[in-house]
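So the structure is just underneath, and the comments pick up after that.
Taken together, the values in this text are just the output of simple stated rules run on the coordinates, not laboratory data. All values reported here derive from a predicted model rather than from experimental measurement. Neighbour counts run over all protein chains shown; Cβ positions are idealised from the backbone, glycine included.
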Amino acid sequence: MAYAALYYQELGVMSQYLEKYQEFATLLEQFRSDVTQNQINTPLLRQRLRELQQWFIQQVVPICDLDWREQSYQTEMSKQLRLLEIDVMFFQGARQSVTSEARLKNISDRLTTLIKYCHTILQSEAPEG
């Protein structure tokens, strides 16, 4: 009986944990959509990036009981977010439209990488059935 309760408690924790990664992937996809459709200006781009970083730090980083693979992905996501911040600074400094477009492509590619990391974690932890 106690084992069953522990099992369902762990499932609930895992479900919450997976929901955090799913929500983060959704936020990343929305941001990437705005970037690829050029519906974002520099101040808004910086604000959205700050919101993403804060969300990641507050909602994803505190997840404990990660195995080594998940911890590796979380570390890599943190690194990619820092690199995304640099990409945004380069975009801000772009003076020509060709350079701006290239910088937006870099930002979009970086967001795609982050989304793939989220999906990999979600797939590796999805219940088999």
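Just a few scattered comments:
- If R0 equals 30 Å, the separation of the Cβ atoms of LEU66 and GLU29 corresponds to a calculated FRET efficiency of about 0.85.
- Summed side-chain charge close to ASN106 - residues other than ASN106 whose Cβ falls under 13 Å, Lys, Arg +1, Asp, Glu -1: 0
- Cα-based helix-to-principal-axis angle, 2-36 vs the chain, degrees rounded to 10: 10 degrees
- Pairwise Cα inverse-distance average, inverted: Kirkwood Rh of the chain (Å): 15.9 Å
- Of all the options ARG48, ARG110, ARG95, the one that moves most in a Gaussian network model of the chain with Cα springs shorter than 10 angstrom is ARG95.
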